Amino acid sequence: MKKYCFIIVIALVFVFVGCKDKKQKENKSEFSYSKVEVPSFNADSAYAYVKTQCDFGPRVPESKAHKACGDYLVSFLRQYADTVIEQNFSSKLYNGKAVKGRNIIASFNLKSTDRTLFAAHWDSRAWADNDPDEKNHKTPIIGANDGASGVGVLMEMARCLKLKTTTIGVDIIFFDLEDQGTPEWDESDIEDQSDWCLGSQYWSKNTHIPFYQAKYGILLDMVGYTNPCFTKERQSMYYASSIMNKIWKIAHDRGYSSFFLNDETGGVMDDHIWVNQNAKIPMIDIVQYDPAGSFFPYWHTIKDDINCISKNTLRAVGDVCLVAIYSAS
Ligand code: AHN
Ligand code: ZN
């Protein structure tokens with residue numbers, strides 16, 4: 001009898017421990033980001049930062065506006081970051097011509113070795129080669145969505161990062177020379193698309209700190225359009241599916257499921273490709289790219305101006321990124 005009692009007690013202990021274990025696991029997988037406390041992302045500020053960039057005019061490499069906007073971005077970041085590093089370099093355009101570039105890197109909480117990287121491109125395209133009107137095909141674009149939106153979101157995040165310290169380290173990179181790939185009207189065809197994303201190609205082979213590493217990275221590209229659709233882009237899924245799924249879970253928990261779709265779309269040649277391939281940092285691209293395979297309606301047209309920008313979209317993207325930062329331990 002005593003023996004049976006002993007066996008029953010042992011069995012009950014197993015059942016109890018088993019249940020508790022299962023419950024803990026369930027709780028973990030059901031973790032909701034909806035209650036994570038983050039500094040509040042001010043969409044009015046982010047919008048103003050996008051507009052300030054646009055007001056310089058097209059930030060075409062080696063132009064006056066480009067230089068002035070670069071100086072503005074550096075002095076802006078110096079107010080909030082621990083360090084700001086400028087990386088001047090030279091690359092070759094699709095036509096073989098040399099062009100000067102300037103990557104801008106801001107670092108927060110430098111003492112932490114557990115780092116997360118955020119990036120966007122700050123140059124704007126020299127040609128509206130996708131404009132419906134052919135006479136605009138050689139006119140530079142303002143790049144409110146294609147360029148300034150990602151930078152504006154990251155600028156507002158920089159302001160937030162100074163307000164509340166983080167346990168992890170954060171680096172923000174503004175890549176130059178992303179958007180000067182072969183214009184549609186030119187004959188040349190560079191098959192591997194290495195004529196795009198020159199700033200990230202340079203940085204990923206020459207990181208601002210030797211042997212720089214980050215746990216993961218998030219690239220923001222065209223993150224300001226009204227009612228956007230961010231899909232799971234193939235190259236991000238190839239290199240960093242667990243990060244992509246985590247970020248999409250954050251977005252859904254925060255109530256942005258109508259912007260962050262679960263559709264998987266084809267690959268996009270963007271700065272994250274080179275960061276993944278050369279710097280070996282798993283990086284995803286939050287990019288407006290719809291399931292039919294097109295970017296936003298005014299992509300590479302003269303209508304990519306401030307009228308494309310929605311504060312709601314900037315807020316959604318900034319909030320998701322801040323939750324990723326402040327929920328990390
Ligand atoms: C290409 O069209 C080859 N890549 C898209 C990358 C891009 C351009 N992002 C913004 N503008
Ligand atoms: Zn572009």
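Here, each number is a calculation from the coordinates, and none is a lab measurement. What you see is a predicted model; the values in this text were computed from it and never measured. Virtual Cβ from ideal backbone geometry, glycine too; neighbours counted across all protein chains shown.
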When 125, 115, 159 are arranged by how many other beta-carbons sit within 10 Å of their Cβ, fewest first, they go 159, 115, 125
Helix-only [θ]222 nm of the chain, DSSP H runs n ≥ 4, -39500 (n - 2.57) each, per residue, nearest 500: -12000 deg cm²/dmol
Kindly flag which residue pairs out of 51/280; 67/280; 162/215; 51/246; 92/138; 215/311 have an alpha-carbon separation exceeding 27 Å in this structure. 51/280; 67/280; 51/246; 215/311
Here the relative contact order (percent) of the stretch 246-329, from C-alpha pairs under 8 Å and at least 6 apart, is 34 percent
Report relative contact order for the chain in percent, whole number only (criteria: Cα-Cα under 8 Å, sequence separation at least 6). 23 percent
Provide the per-residue ³J(HN,Hα) series for the stretch 198-215, in order, calculated from phi with Karplus coefficients 6.51, -1.76, 1.60 and θ = phi - 60°, each as a whole number of Hz, with x at glycine and proline positions. 5, x, 6, 5, 5, 4, 5, 9, 9, 4, 4, 10, x, 6, 3, 9, 9, 5
Extension gain residue 312-residue 238, at 0.36 nm per residue separation less the Cα-Cα distance, in nm? 23.7 nm
Among 266, 80, 149, whose Cα projects farthest towards the positive end of the dipole of the chain, with charges put on the beta-carbon of Lys, Arg (+1) and Asp, Glu (-1)? 80
So what is the relative contact order for the stretch 27-159, in percent, with contacts set as C-alpha pairs under 8 Å and at least six apart? 29 percent
Can you bin the stretch 116-237 into rounded, prolate or oblate? Criterion: square roots of the alpha carbon gyration tensor eigenvalues sorted a ≥ b ≥ c, rounded for a/c under 1.5, prolate for a/b above b/c, oblate for the rest. prolate
Determine, for each peptide in 44-53, 310-319, 128-137, the mean count of other beta carbons within 10 angstrom over its residues, then list the peptides with the highest first. 310-319, 44-53, 128-137
Most exposed first, judged by fewest Cβ atoms within 10 angstrom, 160, 229 run 229, 160
Per-pair calculated FRET efficiency, R0 = 25 Å: residue 164 and residue 86 via Cβ, rounded to 0.05: 0.40
Looking at the square roots a ≥ b ≥ c of the eigenvalues of the Cα gyration tensor of the stretch 179-274, which shape do they give, rounded for a/c under 1.5, prolate if a/b is larger than b/c, or oblate? oblate
Calculate the tail of P(r) for the chain: the fraction of all Cα-Cα distances greater than 37 Å, expressed in %. 19 percent
Using Cα centres only, tell me the gap between the stretch 160-214 and the stretch 68-120 in whole Å. 9 Å
Would you mind working out the magnitude of the charge dipole of the chain relative to its Cα centre, with +1 at each Lys and Arg C-beta and -1 at each Asp and Glu C-beta, to the nearest 20 Debye? 2160 debye
